[in-house]
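Trainee: For reference, the structure I am asking about is given below.
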Number of protein chains: 2
Amino acid sequence: MEKVRILELKKTILENNDEDACLLRRELAERGIFAVNVMSSPGAGKTTTLLRTIEKLKDDFRIGVMEADIDSDVDALKIREAGIPAVQLHTGGMCHLDAQMTRQGLAAIGASGYAEGGIAVPPGDGAAAGEGPDLIFLENVGNLVCPAEFDTGCSMNVVIYSVPEGDDKPQKYPLMFEKADAVLINKIDALPVFDFDMGTARSWVLKRNPNAQVFPVSARTGEGFDEWCSWLKDRIHG
Amino acid sequence: MEKVRILELKKTILENNDEDACLLRRELAERGIFAVNVMSSPGAGKTTTLLRTIEKLKDDFRIGVMEADIDSDVDALKIREAGIPAVQLHTGGMCHLDAQMTRQGLAAIGASGYAEGGIAVPPGDGAAAGEGPDLIFLENVGNLVCPAEFDTGCSMNVVIYSVPEGDDKPQKYPLMFEKADAVLINKIDALPVFDFDMGTARSWVLKRNPNAQVFPVSARTGEGFDEWCSWLKDRIHG
């Protein structure tokens, strides 16, 4: 197997990230690309959850994955072993991604209309239209604080938090949950060994964000993935 | 019970945090105060681990706890319920603490020689010498990335990471483990339900930092706390 491509991200020079993120989101929609920004604490199960999700959606979409990490490339390797195109984005110690860094990743994964350096080019350049991935997952840096402060320009934000972390996380990390379109509560197979109340967790999520969709799942056993993936599919097509 | 004191931290104005942190560390040593900076991901069990540690050490030291959090005060309340002086430090969204913020906390917890605003004053001001706490735990913001980048000026750095997070965390968050004097691997009571190899975890920690002490513990059952607390006591007296 050829080696995973590792992209050392350049620091962003744009002052107004929010504006650039809005522009990127609009571009992606025009090009028929749906990008999902996946955020969580370290070890909440982002990569395993992605693998399960990809397994369910790979016949419906041309999937690509951008794995952000401070330093390693283990996550991109795992995705590639499942036969899915993946690039590793190295943040060089930075704790988050912004829209310009997402653009660099889109070019590296061969998204239609994105050239090297992350500059938007007319559709048709970069990968030919209808050839690049149309569903792209961006696995953000494992961090429940900083990534929420920077809009990546993705079409949707998904937060994964896991049973062993405790049911009070939305209380303690408010911004992350305010920004979430969907919250996956992972590792529900471990519920019997932890003091975790699903009702409390759910009500804290909804207090932070009444519009968030909550999906209890187990990336280990596959439980809950039918509901989550069917909702995601509807959102992409909707 | 009187309410927990909540301190809204002021943003730091010092440019050179490293220098200020060194100065603070020296001051603390001169005043006979030992401060432990506790860092981890969200939900790794910092507060529960502190409660167990305090239980074992409270007859030997005058303990105080500074709980940093973005917004809530649940952790300081838990410590106070155990009868230990605690203040809640609100970072107002900030993802880390620095030395100047630690100074503000030291004043709030009544450490000898620290006046309100965190300015060092001659020993004897603030709390009378020999009256304020001589062992202070600083529970940093739950974040495995940013807190490692800012020296708090504490006497020691402790990283807690937990079995459900996976044995590859030191590989993916290198700086945090490079900065650790001790690493507590928590939630070992959950080892049977997770794919976690203690040998792999330990060897990754030591690859990042050959001088780190590794303690497998369970804050839930108390396992491993004799070893950890006896080592900590030796370090404080040493």
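Trainee: Scanning segment B:23-48 for residues that are within 14 Å of another protein chain (Cβ to nearest Cβ) and assigned to a helix (DSSP H, G or I), which turns out surrounded by the most Cβ atoms within 10 Å (Cβ to Cβ)?
Mentor: B:K46
Trainee: Which residue pairs have Cβ atoms under 9 Å apart, sit 6 or more places apart or on different chains, and have a first residue in segment B:160-180 that is farther than 17 Å from B:G199 by Cα and a second that is among the hydroxyl-bearing types (S, T, Y) and surrounded by 24 or more Cβ atoms within 10 Å (Cβ to Cβ)?
Mentor: Sorted first by the residue in segment B:160-180, then by its partner, the pairs are B:Y173/B:S41; B:Y173/B:Y161; B:M176/B:S40; B:M176/B:Y161.
Trainee: If you don't mind, there's one more thing I want to ask. Restricting to segment B:144-161, give me the number of residues that are buried (at least 23 other Cβ atoms within 10 Å of the Cβ), of a type in the set (S, T, Y) and either under 26 Å from B:R31 (Cβ atoms) or more than 10 Å from chain A (Cβ to nearest Cβ) (or both).
Mentor: 1
Trainee: Going residue by residue through segment B:227-236, is there one that turns out to be outside any helix (DSSP H, G or I), out of contact with any strand residue (DSSP E or B) (no Cβ under 6 Å at 6 or more places or on another chain), at pLDDT 95 or above and loosely packed, with under 14 Cβ neighbours inside 10 Å? Give the steps one after another, and end with the answer.
Mentor: Taking segment B:227-236 as the starting set, the residues that turn out to be outside any helix (DSSP H, G or I) are none.
Scanning segment B:227-236 turns up no residue that is outside any helix (DSSP H, G or I), out of contact with any strand residue (DSSP E or B) (no Cβ under 6 Å at 6 or more places or on another chain), at pLDDT 95 or above and loosely packed, with under 14 Cβ neighbours inside 10 Å.
Trainee: In segment A:130-212, which strands (runs of 3 or more DSSP E) lie fully inside it and hold 2 or more residues that are more than 29 Å from A:G32 (Cβ to Cβ) and of a type outside the set (S, T, Y)? Walk me through how you get there before you give the answer.
Mentor: Numbers: elements: A:135-139, A:156-162, A:182-186.
Counting at least 2 such residues, we get A:182-186.
Trainee: Being out of contact with any Cys (no Cβ under 9 Å at 6 or more places or on another chain), under 25 Å from A:P216 (Cα atoms) and assigned to a helix (DSSP H, G or I) narrows it down to one residue among A:L77, A:L51; which is it?
Mentor: Working: A:L77 fails: under 25 Å from A:P216 (Cα atoms).
A:L51 is the lone residue from the list that is out of contact with any Cys (no Cβ under 9 Å at 6 or more places or on another chain), under 25 Å from A:P216 (Cα atoms) and assigned to a helix (DSSP H, G or I).
Trainee: Could you check segment A:128-142 and list, in sequence order, the residues that are more than 12 Å from the chain's Cα centre (by Cα) and at pLDDT 95 or above? Break it down stepwise before answering.
Mentor: First pass over segment A:128-142, keeping only residues more than 12 Å from the chain's Cα centre (by Cα): A:128-134.
Once the filter is applied, which keeps residues that are more than 12 Å from the chain's Cα centre (by Cα) and at pLDDT 95 or above, segment A:128-142 yields A:P133, A:D134.
Trainee: I would also like to ask the following. Quick check on segment B:207-223. Is at least one of its residues among the polar types (S, T, N, Q) and touching a strand residue (DSSP E or B) at 6+ places or on another chain (Cβ under 6 Å)?
Mentor: Initially, segment B:207-223 is screened for residues among the polar types (S, T, N, Q), giving B:209, B:211, B:213, B:218, B:221.
Restricting the remaining residues to those that are touching a strand residue (DSSP E or B) at 6+ places or on another chain (Cβ under 6 Å) gives B:213.
Yes: one or more hits.
Trainee: If you don't mind, there's one more thing I want to ask. Of everything in segment A:180-189, what is facing chain B (nearest Cβ under 9 Å) and either within 15 Å of the chain's Cα centre (by Cα) or crowded, with 19+ Cβ neighbours inside 10 Å (or both)? Give them in sequence order.
Mentor: First, pick out the residues of segment A:180-189 that are facing chain B (nearest Cβ under 9 Å): A:187, A:189.
Answer for segment A:180-189, where residues must be facing chain B (nearest Cβ under 9 Å) and either within 15 Å of the chain's Cα centre (by Cα) or crowded, with 19+ Cβ neighbours inside 10 Å (or both): just A:K187.
Trainee: Please work out which residue is farthest from the other protein chains (Cβ to nearest Cβ), limiting yourself to segment A:58-72 and to residues that are farther than 16 Å from A:L9 by Cα and either aromatic (F, W, Y) or outside any loop (DSSP other than H, G, I, E, B) (or both).
Mentor: Here is the first cut: in segment A:58-72, the residues farther than 16 Å from A:L9 by Cα are A:58-64.
Now narrow it down to the ones that are either aromatic (F, W, Y) or outside any loop (DSSP other than H, G, I, E, B) (or both): A:61, A:63-64.
Details: A:F61: 27, A:I63: 23, A:G64: 21 Å.
The qualifying residue farthest from the other protein chains (Cβ to nearest Cβ) is A:F61.
Trainee: Anything in segment A:190-208 that is surrounded by 16 or more Cβ atoms within 10 Å (Cβ to Cβ) and touching an Asp or Glu at 6+ places or on another chain (Cβ under 6 Å)? List them, or say none.
Mentor: A:F196, A:A201, A:R208
Trainee: Among the residues of segment B:164-179, write down those that are more than 10 Å from chain A (Cβ to nearest Cβ) and touching a strand residue (DSSP E or B) at 6+ places or on another chain (Cβ under 7 Å).
Mentor: Those that are more than 10 Å from chain A (Cβ to nearest Cβ) and touching a strand residue (DSSP E or B) at 6+ places or on another chain (Cβ under 7 Å): B:F177, B:K179.
Trainee: Among (1) touching a residue at least 60 places away in the same chain (Cβ under 8 Å); (2) touching a strand residue (DSSP E or B) at 6+ places or on another chain (Cβ under 8 Å); (3) within 18 Å of A:M176 (Cβ to Cβ), there is one condition B:A76 misses while meeting the rest; what is its number?
Mentor: (3)
The values are calculated or read from the model by the stated rules, or taken from the named source; none is laboratory data. These numbers were taken from a predicted model, which means no experiment stands behind them. Note that each Cβ is placed from the backbone with ideal geometry, even for glycine, and that neighbours are counted across all protein chains shown.
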